[in-house]
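A short write-up of the structure that comes next.
FYI, it's all coordinate maths here, none of it is from the lab. Because the structure is a prediction, the values reported are computed rather than measured. Note that we place each Cβ from the backbone using ideal geometry, even for glycine, and neighbour counts take in every protein chain shown.
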Amino acid sequence: MIEITAAKVLEEAQRKSKALFDELASSASTMGWNVHRTVFPDQAAGILLDICQSANISTALYSNHPVFCRVPAIATLVSNGIVASLAETAGDRSRAELKAAEFSSDLGITGVEWAIAETGTIVLHARNGVPRLVSVAPERHIALVELGQVLSSLEDLFLIERLEHMSGRLSTSVNLVSGPSKTGDIGGKIVEGIHGPLEVHMILIG
Amino acid sequence: MKPRTAEFKKTASRTLRDPQIQRGLEAVYSNFHVGRQRQAVATPNWEDQQDRGRAIKAHTIANLDHYLAMLADNVESNGGHVFFATDAEEANRYLVDMALDRRVESVIKSKSMVSEEMGLAREFESAGIKTLETDLGEYIIQLAGETPSHLIAPAIHKSSDQIATLLGVEAGEMSKSKSPEDLTRLARTQLRPHFERADMGITGVNFAVAETGSVVIVTNEGNGRLGTASPRIHVAIMGMEKVIPSVQDLALFLRILIRSATGQPISSYVNMVTGPRRSDEDDGPEEFHLVIVDNGRTRLLADPELRESLYCIRCGACLNSCPVYRKVGGHSYGYVYPGPIGAVITPILTGLREGKDLPFASTLCGACREACPVKIDIPRMLLNLRSRLADGSTTGTDRISGRLERILWTLWRLGMTNLRLYRMASKIGRYLLLPVSRRGWIRRMVPPFSGWTLSRDFPLPARRPFSQLRRDLDELDHEDNSCHDRVTR
């Protein structure tokens, strides 16, 4: 039963992908994301570079999301003098070293599992190759969202997460991110940039 | 936390005279409550969602043992540890023992109201473990040595100047700027190294999902995410009523919680944690502990009149809508939970007699019931507590009404249920009060009624009461009608 409903949700995400992209662009913007949009993966790499150069980024970490196979983001950054490395503990980098890198990098770049049009949200699942801290420790975070990854509502997302659980695949850390970090604790005035990233960008591709 | 419910009137008087706190409380109203009202209008099927939320909570609380058992089983099969704590002391002892055993030297804390009940930070400090609050509002009041005055914005009673001083003392030099932006930046810089180095992260729990053994942490600041990702041990502390059945219920609950709490469609971060990290993950905690705390909640559960207070999802909407809270502020309530929900649960959790002022700190306007995302009927429960205090139906020692009060109420009941007595009492009353009245108004009544006229005048009973006027008019009508009949015949 749940498989049937989930199949419908996924089918709708494909069928209405353009409209959902429009809706996401609008809701994300309201929530404080800087939203960029392009049809071409190469242009996405160019947008990424522009953002980095405007913000004087010198070091970046990125996750092992499939989007980086289609978007030549990392090659573009590296050839323009930005030190961009994969956020993982393989090879000679220990967990302690990765954590230090996560806390000292200027920027974290990730793909997403899903996005949610209702609330201007991206969904990240921690797993091998996608560490928790890469999207929250650096001052800036850029999320690459591809056409077809956008779900309509929170109900759709949690239906899929339930299915993940029933298949034994629920991630140990599921994160819904809906804008920059903020607080209203000083005088009731909303200020962006406390603890989590102070600036977040969403690049919609497709 | 040691309750100070008996100081309600004193603290309330002081708060009423403090312009800084009054400004903060106005901000609570204009930011959170107005925001919530906007969401109530803008969100499709808002009423239905609240009804469903209430129904899910009612079902869960009615089967709490079943869902808590499911939750514990799933946390453990995910590789986590579960501890059921009967009271604050048990919870503290478990955590201190475990922290010492794991050689924990520093702890970072995200917001957890249950940990305030426990006084956990103090227990850890006594054991030599440095504990830092990371939620900006909680950090500020930790520096000030105070307790939170609001569920969502704990430092709302502090001015920018006061905050600048607190942060400046901590930094060792005063910040030149007092703007919220610069102070926020300063706090970020102060707290960041602790996120990187702490051995243990402690969070609260907004929702615990029984089906999956997950805990859900909702923040805007990101301290919840950093606290569950960076340290090697993650401890989540929850009141036992925070469990919900299924991960699919989260869509509804996140929507009604966040929109009711701050008026945002969603918070910046919602983090669902299911167990410690897997062995092939690159970061995350090695250990996960869930502490499920009772601390008096079984008393609420066992009480059919007050059980629905356990549906509370701690959004703070009732505080934000309450005209009394908005004047007397959170500290007056003397415990962890202020405002309307605090007025209901605090007397049961910490003592009815000591908390006797709390159920009376209400105009019963019902704004809280309107604002509650799970439609808890707070006014009904406040009335119920008042009657327990008046007639001592729970225990004899709880009865606070004096003999004079009971005599007066008996006389009142007699007068109100007997028409002749009522009319006679009105005539006598007018006769007695005429000497102290001026132009039909009484400026000052005699005790024990003098409180009534402190800020208003009392009207003198009329020479001809309305019921008499009515009868006279009826007679006139009757005469008119008979005239009319004679003329038309």
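Annotations for the structure displayed:
- Bridge type composition, the protein assembly as shown - antiparallel percent by DSSP, nearest 5: 35
- Extreme residue, positive dipole direction of the protein assembly as shown, given options B:I407, B:L166, B:A27 (C-beta unit charges): B:I407
- Placing +1 on the Cβ of every Lys and Arg and -1 on the Cβ of every Asp and Glu, with nothing else charged, gives the protein assembly as shown a dipole about its Cα centre of roughly 3980 debye.
- At most 11 other Cβ within 10 Å, DSSP loop - trypsin sites (Lys or Arg not before Pro), the range B:61-117: B:R103
- Relative to one another, the C-alpha centroids of the range B:410-432 and the range A:20-65 are positioned 78 Å apart.
- Förster radius 60 Å - calculated FRET efficiency between B:R443 and B:R52, Cβ distance, rounded to 0.05: 0.65
- Free of any GluC sites (Glu not before Pro) that DSSP assigns to a loop and that have at most 15 other C-beta atoms within 10 Å, the longest stretch within chain B is B:306-489.
- Full extension of the segment from B:E146 to B:Q162, taken as 0.36 nm per residue of separation minus the current Cα-Cα distance, would add 4.5 nm.
- Dimensions of the protein assembly as shown from C-alpha coordinates, computed as largest minus smallest value along each principal axis and given longest first, are 106, 73, 55 Å.
- Prolate/oblate/rounded call for the range B:411-474, Cα gyration tensor, a/c under 1.5 rounded: oblate
- Considered as an equivalent ellipsoid built on the Cα gyration tensor, the range B:91-203 has semi-axes of 26, 16, 11 Å, the largest given first.
- Magnitude of the charge dipole, chain B, Cβ model with Lys/Arg +1 and Asp/Glu -1, debye to 20: 3120
- Ordered by the count of other Cβ atoms within 10 Å of each Cβ, fewest first, B:Y333, B:Y431, A:Y62 give B:Y431, A:Y62, B:Y333.
- Förster radius 25 Å - calculated FRET efficiency between A:S85 and B:S106 (Cβ-Cβ, nearest 0.05): 0.30
- Note on B:R456 and A:N128: their simple-model spin labels are 7.3 nm apart, each label 7 Å out from Cα toward Cβ.
- B:L411 versus B:N481: modelled label distance in nm, points set 7 Å from Cα along the beta carbon direction: 4.1
- Dipole magnitude (debye, nearest 20) for the range A:27-167, charges at Cβ of Lys, Arg, Asp, Glu: 200
- Residue (of B:Y337, B:M272, B:T363) at the positive-pole extreme of chain B, dipole from beta-carbon charges: B:T363
- Distance between the C-alpha centres of the range B:1-75 and the range B:366-385: 11 Å, rounded to the whole angstrom.
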